[in-house]
1. Give the residues of region 49-66 that are open to solvent by 80 Å² or more (accessible area, probe 1.4 Å) and in contact (Cβ under 8 Å) with a residue 24 or more places away in the chain, sorted by residue number.
2. For residue 46, only one of the following conditions fails: (1) in contact (Cβ under 8 Å) with a residue 24 or more places away in the chain; (2) under 16 Å from the mean Cα position of the chain (by Cα). What is its number?
3. Any idea which residue in region 98-119 is surrounded by the fewest Cβ atoms within 10 Å (Cβ to Cβ), counting only those that are among the small types (Gly, Ala, Ser) and either under 14 Å from residue 78 (Cα atoms) or within 11 Å of the chain's Cα centre (by Cα) (or both)?
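The values are calculated or read from the model by the stated rules, or taken from the named source; none is laboratory data. This one's a predicted model, so the numbers in the text were calculated from it and none came from an experiment. Backbone-built Cβ (ideal geometry, glycine too); neighbour counts: all protein chains shown. The protein model used for the area step is the full one, side chains on, heavy atoms only, and it has no ligands, DNA or RNA in it. Shrake-Rupley method; radii C 1.70, N 1.55, O 1.52, S 1.80 Å.
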Amino acid sequence: MAVSSSIAVRIWYWVITILFVAFMLFGAASEVSQTESAQKLLASLHYPPYLNYILGIAKLIGAVVLIQWRFKTIKEWAYAGFTIDILGAAASTYFVEGIGPAIFTAVFLVPLFLSYYFWKASEV
């Protein structure tokens, strides 16, 4: 019984984490390549365009770290970094556009926290 439960936890971990990582990689590619939509988004939030490079590279590194199993402390940092990124994006959106768009942005914390939960549950 415990073996099948452990397998289910790992499956949930990988499904949720891969979806979250794919989303982060999509955002990172958009930011690093300075797409028009990425530039418009930062401009609407009153941030300088070079912030796209910083966030994009950080997301690329964080995405790679989330899918590896060897360096657990760095993985914890990646989870913390993505949490700060999403909370910062939600706060910025709130101050410029209001509560509705900010809540939509904050929803991305759900798969992040689920990924973290299933990662920790699979280690037991």
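1. Correct list: 57 only.
2. Single failed check for residue 46: (2).
3. The extreme case among them is 106.
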